[in-house]
Structure formats: C-alpha cells, structure tokens
Amino acid sequence: MRTELLAYFSTHLTGTIKLSGELPWEQGGQALYRQNLKRIYVDDEQTVKSVLQPLLSEDDIMQTVTTVRCYLAMDAKNKSSDLDATLAVFAQARTQSGVTNSFRNEMDITTELDQSVEIYTIEYRFYTVA
C-alpha cells in the first residue's frame, strides 16, 4: 500500500509541497518531517489480521487491516498556498491510489500545533479479506 500511495502522490502533487521517498525516521530526537517542512513522508505499512466473521467451523473469515501513516509539517504562520490542493490529493488517494481488492478504505487527517509548526498526520486504513 505504501508503494501505491507513493506512486499516486508523485503524479498528483504539483505544487510547492513535495514528496520524500524517505521514511519518517528521527535524527537527534526530532522527526525528519519536522526538520524538512513542506515535505510529505510516508511511513512503512503496518498490518493486523483479525476475525471478520466467526464461523462454526475453525475456518473463520479473516480480515487484514493495513495502516499507512503520512506526515507533513509546515510553518503555521506561513502556510503554503497549495495546502488545500494537497489535502484534496490526500483525500482522493484513499480510493484512487491503485489499491485494489480492499472492501473498505478509510482515511483520517489530524493536525497538531507544536510551537510554530503545524503537523498533519494522515492515516490510511485498507481492509481486505484474508
């Protein structure tokens, strides 16, 4: 899923906010996306398998939830002029990113203000039958 999101973002982000191919690791106790403002960092995907539908037999129907988080930080006082367009690309990626075989796709965007930096965390969840 991370690969599909990276491909989608690379073709649809055309403004001043750019995509980084790096993972959002920390350096010197500070997240990389906090050091490089106006850069989108896509984290590794996390998967969790759980029972979708229990059956009387031992062959329960299982689901896999794949979660991918993206991070974007920018100066809260000088927001990018293409922030709204970037947020629209995030929203469209939930269903348009080339992710197939999922029966439900969810996305949440949360913001947090840390000193003078506004941090956007975008969480995608893709549900598939396993």
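The values are calculated or read from the model by the stated rules, or taken from the named source; none is laboratory data. Just so we're clear, the structure is a prediction, and the values are computed from it rather than from any experiment. A quick note on method: Cβ atoms are made from the backbone with ideal geometry, for glycine too, and the neighbour counts reach across all protein chains shown.
Here are some notes:
- For the stretch 64-72, the criterion of a residue being over 15 Å from the mean Cα position of the chain (by Cα) and either of a type in the set (Phe, Trp, Tyr) or closer than 17 Å to residue 119 by Cα (or both) is satisfied by no position.
- So residue 23, is it at pLDDT below 95 and either surrounded by fewer than 17 Cβ atoms within 10 Å (Cβ to Cβ) or closer than 21 Å to residue 66 by Cα (or both): yes
- Cβ-Cβ contacts under 8 Å between residues 6 or more apart (or on different chains), taken from a first residue in the stretch 86-99 that is on the phi > 0 side of the Ramachandran plot to a second residue that is among the hydroxyl-bearing types (Ser, Thr, Tyr), are listed as 98/8.
- Checked against the criterion of being more than 17 Å from residue 5 (Cα to Cα) and at pLDDT below 95, the stretch 86-100 has no qualifying residue.
- Residue identified as under 30 Å from residue 114 (Cα atoms) and touching a Ser or Thr at 6+ places or on another chain (Cβ under 6 Å) among 22, 26, 45: 45
- If the condition is being in contact (Cβ under 8 Å) with a residue 60 or more places away in the chain and loosely packed, with under 13 Cβ neighbours inside 10 Å, then the stretch 100-127 contributes only 114.
- Taken over the stretch 40-92, the criterion of being out of contact with any helix residue (DSSP H, G or I) (no Cβ under 8 Å at 6 or more places or on another chain), among the charged types (D, E, K, R) and exposed (fewer than 15 other Cβ atoms within 10 Å of the Cβ) is satisfied by 49, 58, 59, 60, 75, 77, 79, 84.
- Whichever residue in the stretch 101-110 is farther than 14 Å from residue 5 by Cα and of a type in the set (A, V, I, L, M, F, W, C) and, among such residues, is nearest to the chain's Cα centre (by Cα): 109
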